[in-house]
Amino acid sequence: MKRRMTLGDFVVAYLEKIGVRHIFGIPGDLVLSLFFRLGQERGLKILTLSHEPGVGFAADGYARATGHIGTICVTYGAGGHNMVNPVAGSFAEHVPVLIFSGGPGEEERKLGTLIHHQAREIESQHRIYQEVTCASAVLTNPHTAAQELHQVVQQVWAQQRPGYIEIHRDMVEREIDVPKEIIEWDGRLHFPPSHPRKVEEAAREVARLFNQSRAPVIIAGIEIHRFKVGNDLIALAERMGAPVLTTVLGKGAFPMDHPLYMGVHIGEISPRKIVERMDAADLIINLGCLKTDMNFGNRPPHIVMERTVWAVDRRVDVSFHTYTDVGIREFVRALLRQELRQHRETVHYADNLQEGKPGDNEPVRVMSLLTTVNDFLAGKRKYVVVAESGDMLFAGLDIRLHHDGIYLAQGYYASMGFSIPAALGAQVGTGYRPLVLCGDGSFQMTGPEISHAPDFGANPIVLVINNGGWGIFRPVAQRPELLRIPPWPYAKLAELWGGRGFKVKTVGELRNALEQAEASSTFSIIEVEVGYNDLSPITQKYIKAAAKRSQPPRDARA
């Protein structure tokens, strides 16, 4: 970096300084100067996809899997507006993503006419992104541009949420002032500090409640991932000796093969053993758990204040006390410094699957598919499972990874089309091999992005669960014909796009296809035919519970 340099060169130098190595994007006329500057043969690599939603999901998957900022570059208007849905998902699920957009130059704006790609006003795109980002800026002032970019990136990291930078095309070659403090800065980003006395007070109170409890439970949420507290949580759980559950959104925040891991808590539709253990708990310690409907089985949680701890969003609620300015990292580490009485409980993992292996000649059902995938993953290292929204979002909750495996899903925002681009981003960032659980309906949204896998050096194994439509809605649809989708030759498409394709109907065929796919150096699509009304175990429970809640009270029906 230099005290005076072009804005384009500064952006490249700044991104390299904070450790960015990959940028996902699509070129467009109003961003070409910046796009090609980022794509110069230096430390940054641009990866292009076919449609902006795929770009957004890929950067999101990259950020989730690596723990680093996912970076995006798209054009103004037609490109930026296409990106809003993926960015909204990143905002909702606390994923650090940085979006660069182009824009019209000053001379174009002076014409006083509408500019192509413009929606309402030149500033409209920026206003839209203010709703789905934690910080944003349009860099028009050469004296403050460097500092404005720096401030946005600091907020992206501090809040673990998206940020937006708009650079109009005539600004890329403008010389800007770079403050001395940014030049001398080491490039490290930091989380906001907590109030030390409040942290200690909160930890002491929780430790006292824990030491008085006889059946405590720990629930790990998404902030354990986002604020890099995983190793500290493992140490805390082992000190406490209490069973650990995760939320739907937080699945993977605690190792799934750890002897203290019990499974996923999703309210009253959790596996029976988890429901019973939660009913018996006299202290529930929620660490980093967002209070979302999906995390509680689509109904408000039953909270008994006297035996509940919530540590999330930089505050800790202990019984009837609240401690503000307490981040999850400092709180967990403060708990580790307390004297904690170790509980001794044998924890049994619980899921919704039947025991025993299905026979090779059995037709594949979603239940047997999950059992077969778990058998396939057992003992394997460096796999990342990505679950699509819809039935596969619930199905994925019964997947169990071992060793250093990574699990990704949009467990709250739940946008269809997430999984395949996110899997590509995750493999680019980590080198881990993705296994994707995707319905046929979602595949028809962003599935063709898999054709970029060979260029990325990626080889995901994609299971397309084919039930001929948007099956999760069939139990509640009055007109099921509206849920049909056209039949695609998924396995053949894989071959045409440079991968391998398999079409399976039985459990034995599925096992064989998984083994062949694993041995292949390219990507694979395994089309799995299941019954028209076949759904995962949790989806079935979820729909039944929702239907039961929608019934009017008995006296109202009388």
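The values are calculated or read from the model by the stated rules, or taken from the named source; none is laboratory data. Everything numeric here is computed off the predicted structure, so don't read it as measured data. With ideal geometry, Cβ positions are generated from the backbone for all residues, glycine too; neighbour counts draw on all protein chains shown.
The residues listed here are 477, 453; of these, the one that is of a type in the set (Gly, Ala, Ser) and within 26 Å of residue 515 (Cα to Cα) is 453.
Screening residue 186 with (1) touching a residue at least 40 places away in the same chain (Cβ under 8 Å); (2) within 31 Å of the chain's Cα centre (by Cα); (3) surrounded by fewer than 23 Cβ atoms within 10 Å (Cβ to Cβ) gives one miss only, at (1). Inside the stretch 245-292, residues that are within 21 Å of residue 384 (Cβ to Cβ), β-branched (Val, Ile, Thr) and in contact with a strand residue (DSSP E or B) (Cβ under 6 Å, 6 or more places away or on another chain) make up a count of 3. When 378, 395 are checked against the criterion of being among the aliphatic types (A, V, I, L, M), out of contact with any strand residue (DSSP E or B) (no Cβ under 7 Å at 6 or more places or on another chain) and in the same structural domain as residue 512 (by TED's automatic domain parsing), a single residue qualifies: 378. Against the test of being over 19 Å from residue 517 (Cβ atoms) and outside any strand (DSSP E or B), the options 401, 393, 369 yield a single qualifying residue, 393. Please go through the stretch 133-161 and give me each residue that is within 25 Å of residue 227 (Cα to Cα), touching a residue at least 40 places away in the same chain (Cβ under 8 Å) and touching a His at 6+ places or on another chain (Cβ under 9 Å), ordered by number. 157, 159, 160, 161, listed by residue number.
No other residue among 238, 268 is surrounded by fewer than 18 Cβ atoms within 10 Å (Cβ to Cβ) and within 28 Å of residue 337 (Cβ to Cβ) apart from 238. Screening residue 180 with (1) over 24 Å from residue 157 (Cα atoms); (2) outside the structural domain of residue 280 (by TED's automatic domain parsing) gives one miss only, at (1).
Residues in the stretch 477-524 that are more than 23 Å from residue 358 (Cα to Cα), surrounded by fewer than 16 Cβ atoms within 10 Å (Cβ to Cβ) and of a type in the set (Lys, Arg): 479, 484, 492. May I ask you to verify whether residue 326 is outside the structural domain of residue 71 (by TED's automatic domain parsing), in contact (Cβ under 8 Å) with a residue 40 or more places away in the chain and within 21 Å of residue 520 (Cα to Cα)? For residue 326, the condition - outside the structural domain of residue 71 (by TED's automatic domain parsing), in contact (Cβ under 8 Å) with a residue 40 or more places away in the chain and within 21 Å of residue 520 (Cα to Cα) - is not met. Answer yes or no: is there a residue in the stretch 414-433 that is in the same structural domain as residue 524 (by TED's automatic domain parsing) and modelled with pLDDT under 95. Yes, some residue in the stretch 414-433 is in the same structural domain as residue 524 (by TED's automatic domain parsing) and modelled with pLDDT under 95. For residue 375, the requirement of being charged (D, E, K, R), in contact (Cβ under 8 Å) with a residue 12 or more places away in the chain and assigned to a helix (DSSP H, G or I) is met.
Any residue at all in the stretch 514-523 that is of a type outside the set (A, V, I, L, M), farther than 30 Å from residue 25 by Cα and not assigned by TED's automatic domain parsing to the domain that holds residue 85? Yes, that holds for at least one residue.
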